[in-house]
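Scroll down for the structure; my scribbles are underneath it.
The values are calculated or read from the model by the stated rules, or taken from the named source; none is laboratory data. Computed from a predicted model, the values in this text were never measured in an experiment. Cβ placement follows ideal geometry from the backbone for every residue including glycine, while neighbour counts extend to all protein chains displayed. Note: areas computed on protein heavy atoms with side chains; ligands, DNA, RNA excluded. Shrake-Rupley method; radii C 1.70, N 1.55, O 1.52, S 1.80 Å.
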Amino acid sequence: MSDNHSVIGRSVPRIDGPEKVTGAAKYTGDLKFPNMLYGKILTSPHAHARILSIDTSEAERLPGVKAVITHKDVPTLKYGLSPARWDESIFCSDKVRFVGDKVAAVACLDEDTCYKALKLIKVEYEVLPAALDFLHAMDEGQPQVHEEYARNINTEIHQEFGDVEKALAEAHHVRTDTFVGQRTYQSPIEPHSAISMWDAEKLTIYSSTQSPHYFQHYIAREFDMPMGDVRIIKPYLGGGFGGKLEPTGLEFAGAVLAKLTGRPVRTFYDRAEMFAHNRGRHAQYMEITTGVDKNGKILAAKANFLMDGGAYTSLGIASAYYAGALLPLTYEFDNYQFDMFRVYTNLPACGAQRGHGAPQPKYAFESHLDNVAADLGIDPMDIRIINARRPNTVTPNDFRVNSCKIKECLERVRVMSDWDEKKKNLPLGRGIGVATGSFVTGAGYPIYRTDLPHAAAFIKVCEDGTAATLYTGSVDIGQGSDTVLCQMAAEAMGYRYEQMKIVAADTEITPLDFGAYASRQTYMSGAAVKQAGEEVKRQILEMASVMLGLPADDLECDDGQIFSKSRNVKSLSFEEVARKHFVLRGPLLGRGSYTPPKLGGSFKGAAVGTSPAYSFGAQVGEVAIDEETGEITVVGIWDVHDCGKVINPRLLHGQVHGALYMGMGEAVWEEVLFDDKGRIKNAELANYRLLTAVDMPPITSEVVDSYEPSGPWGVKEVGEGATNPTLGMFSNAIFDAMGVRVNSLPLSYEKVWRALKEKREREEIAKREDAQRGLAPQVPVPLETVPLESEEPVYANPS
Amino acid sequence: MYVPDFEYHAPNTVAEACAILAELGDRATVLAGGTDVLHKMKVGKLAPEHLVSLKNLDELREIREEPGRVVIGALASHNQIYTSQLLQRRYLSLPMAAHTMASNQICNLGTVGGNIVNGVPSADLPPILIALDASIRLTSAKGERTMPLEDFFWGSAQTRMEPGEILTEISIPDQQTTGSTYLKFGLRRSGALAVAAAAVSVQVSGDTLHAVRIVLASAAPTVLRVADAERSLIGRRIDDELLAEAGQFAAQASRPRDSIRGSAEYRKNLVGVLTKRALKKAIDEGHA
Ligand SMILES: Cc1cc2nc3c(=O)[nH]c(=O)nc-3n(C[C@H](O)[C@H](O)[C@H](O)COP(=O)(O)OP(=O)(O)OC[C@H]3O[C@@H](n4cnc5c(N)ncnc54)[C@H](O)[C@@H]3O)c2cc1C
């Protein structure tokens, strides 16, 4: 494969840049249709309650109200995203299971009337005791969230590979640590919104979705319609991060309201409702044990996890499997045990958030690994390099890893961050930490069982050859896939990016693609696009061969010019050849599709976490800690990734910055907090602390030269993987700065302050005792060998 | 979220505004920048029948120097205070306090008057204004009165405002202080309310403190001046120990509660640290 690419590998401007920066881009919530109504959903004020009665009569009488619906007016079929557990209803009929559960909906002439109408719906509840603490949700006597799932167990996983007990018995050092991860929420800038409308028996929904295909599939299923009669269109979209992967009440209730009124209905969430709908990161209790040899080589690892799923499954079964499945990627070890319970609680449902399942376990594992390194007196960078995965290896859970440059990433980030120097010379209060991450490049299997290809694409060249339009079901949610895929199409065709147009994410016009999740599009959609582009190019060369009287295999097409590889003859323009093709042979079209090979082992759950390729990365962060307040200042972050061939460097580094931004938030600043009634205390952006531009530290982002043999032009992923090291990196940098470990996320200023205070108090006591015993004061021990301070895991901020 | 229905008034003079307020009594709420009022209405904490907007009262936006004092109109926005050359020259600590607030958008709308009348203990401007000995003027159909800003607050979101009154101006008297500052501890660098904050003003000569004011935000149900800590400093030689001691006094005097932004214990600790650091800064750097 030649490295001489004309279009890929360049930071071309985003294809949607002008529309977005001028404000011309229309998002779902901006769209208006003649006669459009506004719809809103009434939600439960209780975490757990029986519905005794619902009286909608007063709401129906309010002027401007066009329809009021409850469970009586909608299909009762349960839905969900993970087929193994469809447990959600359009509206609750017997019980509500969290504050925010869906009870009824209205369609009105305007937004204000919706809010007024919701207040007029009278729901009588019998409040039930609620299961709010996931650590105890499986206990005897806890309230049952769903009668059919005993002890609130939603998912139970027990996997063992190799012989863990034997390896631990033979290990030089065995250590166990426990950590707790908090609930966070994706908080995309654009609130969820959907506009539903019917044309006879056909349903069209404009939706802020990450996957028109899954929406189409699940909506057709819910309403018992042929898929072909459901059309999902994704307009411009302002971020999803996993939170817009599944259809919600907005689509289901909106479709019913539209049907009843015969008018388009726009349904939407406000910010607080977004938090209530949630599907963000699970809270998680994580116990990690490893056994290492005397050099720090990991011989066996055990992960024992418990996850707070909230009231419904969403994509949570996959989250639960991912949490353990992705752990053995960055480091090589043969013996691995993974146990997990995902439990139901009477809290909003959790799902897939950027880095799906991986960031918190990575936080736990990377913090633990630093503890092990400290026990053995090994530099944290060295212990990672010693254990780093090699290319062309297979994980204990049967994931085949082709390209893998994690070792090179670590070696490079060590130099970039000046690791060795800083490790020696940083004063107390300054610290540096390292962590690694890895992620799937697309899931090996679809979310529901199907043998359909994962991605497909068409390219239509304009009759005079001056433009080519890429039709793809892939979904640009802000990450830039429209741009990257147009680059890939132009590259494959031998055409120019500037002449590309794109029509994407409209199930009626564009061919199937599973959408924006699992970091799959550059690789999987890209593979389909490349194939389509190559088909166009083949036809162009055949046509040019006729026009020039030269054999097609002597011709090449690049940057819109067709020329002979061996002879010095006049070249033809892509335009003239394309036009001739249209005249003589009809429309110039290219088609492509992509299906991954069969992947993974045969044990239960073996499919989750499989991928045709894995990205790798290493991050170093430097922090300064104010001892008196616990305030953490991020001095700098250095990130090195192995993400295969880079199609658009600027977009790639943008993804790294964005992932770091989210990872930083999860590490120190963000947490969804609940009161003792299961209500969210900070369902707004003042006290749910997303970072701001001025909080961002200097970031140095680099890639290592890498080529993934299975991917189009050698690509892999970056968008989600770059979130995975960040939490652990912060934990380790703080540990390095202060010699104390905070064992629960977020690593808030207050927790850091408290850990330091407790450390000082312990030292005071020790000093006093020494003095009483008449001992001379001890020489301070170097930080790495300070015994571990293990704070009780705290789930929520004291408040 | 939606704003419940209300009737809207936009009088053109202070007198007219006072007349409308006198007539409507407690059915009306004054609207300045609206960044507190509209939020409360949206979340259902406030549902006035009438909103009386002050937006046409341009004379209340002025920041000017007069003999013996600096006058700030109640409608001056946070960004106006931040960018005022007059305030930057005379009392830089006040523009810097305004700069710690909210976000740029809110700072274009939010007013100093609203920040005071709203009366919450986390408001950023009252502490530094009290440290600078500011007083306020209240106007109503019945006439005018002035009072030290310090006396205006008396409980959680409780002020001495009478129905029908409008806050028209804030006045900072010419003074002997040699330095002042406001230190706020927020949980991110922009758009964060104070977990705790301390404003101080000092009058230093040689190496002793002749006068000092210490005023805390987010440390009690109301903005809090800590006289004990102030007394502990007067006439004593300035050194780090003394400032740490003042911090201890301030922490002891504070009465924070557990909140979503921090535990009472943590916030008490912050009060001590911030007081100590604010004193040091005001002593070393003047009005900053
Ligand atoms: C996102 C956001 C962030 C914020 N961040 C901060 C922050 O960091 N620090 C901070 O201190 N505050 C913050 N606030 C609160 C708010 O912006 C300030 O308190 C602001 O100064 C209020 O001024 P306003 O003009 O908007 O007041 P309004 O909302 O118009 O009024 C507030 C109250 O004062 C009364 N009022 C206003 N002006 C007068 C007057 N002249 N006479 C009589 N009564 C009057 C009103 O009737 C009302 O009761 C924030 C608010 C938001 C929405």
Given Cα pairs under 8 Å that are at least 6 residues apart, what percent is the relative contact order of the stretch B:58-173?
27 percent
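Got the relative contact order for chain A handy, in percent, Cα pairs under 8 Å and 6 or more residues apart? The partial results should precede the final answer.
On the way: 2029 pairs, mean separation 121.2, N = 799.
After rounding, I find 15 percent.
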Taking θ as phi - 60°, what are the ³J(HN,Hα) couplings along the stretch A:94-99 by the Karplus curve (6.51, -1.76, 1.60), each to the nearest whole Hz, with x for Gly and Pro?
9, 10, 9, 10, 7, 5
I'd like the mean, over residues of B:255-268, of how many other protein chain beta carbons sit within 10 Å of each residue's own Cβ.
4
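Count the net charge of all other residues whose Cβ sits under 14 Å from the Cβ of residue A:661, scoring Lys and Arg as +1 and Asp and Glu as -1. List each step's numbers first, then the result.
Details: positive: A:354, A:689, B:188, B:189; negative: A:639, A:666, A:670, A:695, A:720.
Here the charged neighbours net out to -1.
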Using only the Cα atoms of the stretch B:58-173, what do you get for the radius of gyration and for Dmax, in Å?
13.2, 37
Using modelled backbone amide H atoms (1.01 Å from N, in-plane), which distant-in-sequence or interchain residues come within less than 5 Å of residue B:255's amide H?
B:220
To the nearest 10 square angstrom, what accessible area does residue A:706 show with a 1.4 Å probe?
10 Å²
Let me confirm one metric for peptide A:266-272, namely the mean number of other chain beta-carbon atoms within 10 Å of its residues' beta-carbons.
1
When only alpha-carbon atoms count, how far does the stretch B:7-53 stretch along each of its three principal axes, as whole angstroms with the largest first?
31, 19, 13
Cα gyration tensor shape of the stretch B:89-136, rounded if a/c is under 1.5, else prolate or oblate by comparing a/b with b/c:
oblate
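Over both sides of the A-B contact, add up the buried accessible area with a 1.4 Å probe and give it to the nearest 100 Å².
For A against B, buried area totals roughly 2500 Å².
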Using a 1.4 Å probe, how large is the accessible area of residue A:700, given in Å² and rounded to the nearest 10?
60 Å²
Tell me the Kirkwood radius of the protein assembly as shown: reciprocal of the mean inverse pair distance over distinct alpha-carbon atoms, in Å.
31.9 Å
Would you mind computing Rg(Cα) / (2.2 N^0.38 Å) for chain B, counting N as its residues?
1.00
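Measure up B:42/B:184; A:20/A:501; A:66/A:116; A:530/A:645; A:122/A:244; A:32/A:119 against 20 Å on the Cα-Cα distance and list the ones that go over.
Numbers: B:42/B:184 28 Å; A:20/A:501 16 Å; A:66/A:116 13 Å; A:530/A:645 14 Å; A:122/A:244 30 Å; A:32/A:119 26 Å.
Those over the limit are B:42/B:184; A:122/A:244; A:32/A:119.
Only four residue types carry charge here, +1 at the Cβ of Lys and Arg and -1 at the Cβ of Asp and Glu. Report the dipole size of chain B about the Cα centre in Debye, rounded to the nearest 20. Working shown, then result.
On the way: 31 positive and 32 negative charges, 174 e Å.
Here chain B has a charge dipole of around 840 debye.
Order of A:632-643, A:649-660 by packing, highest average Cβ count within 10 Å first?
Values: A:632-643: 24.3, A:649-660: 21.0.
Ranking, from highest mean packing down: A:632-643, A:649-660.
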Would you please state the base-10 log of I(q)/I(0) at q = 0.24 1/Å for the stretch A:255-334, with intensities from the Debye formula using one equal scatterer on every alpha carbon?
-1.13
Taking each residue in A:625-638, count the Cβ atoms of any other chain within 10 Å of its Cβ, then average. What number comes out?
2
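Beta carbons within 10 angstrom, averaged per residue: use that to sort the peptides B:52-65, A:422-435, highest first. The partial results should precede the final answer.
On the way: B:52-65: 16.3, A:422-435: 18.1.
Per-residue Cβ counts within 10 Å, averaged per peptide and sorted highest first, yield A:422-435, B:52-65.
Express the relative contact order of the stretch B:179-285 as a whole percentage, based on alpha carbon pairs under 8 Å and six or more residues apart in sequence. Could the numbers behind the result be given before it?
Numbers: 224 pairs, mean separation 32.2, N = 107.
Relative contact order here is 30 percent.
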Quick query: amide H of residue B:30 versus all other amide H atoms, modeled in the peptide plane; which residues come in under 5 Å with a sequence gap of 5 or more or a different chain?
B:52
Which of these, B:268, B:42, B:184, has the largest mean-square fluctuation under a Gaussian network model of chain B (Cα springs below 10 Å)?
B:42
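How would A:647, A:765 rank on accessible area, largest to smallest, probe 1.4 Å?
A:765, A:647
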List the lysines whose Cα sits under 21 Å from the Cα of residue A:565, skipping any in the same chain fewer than 8 residues away.
A:537
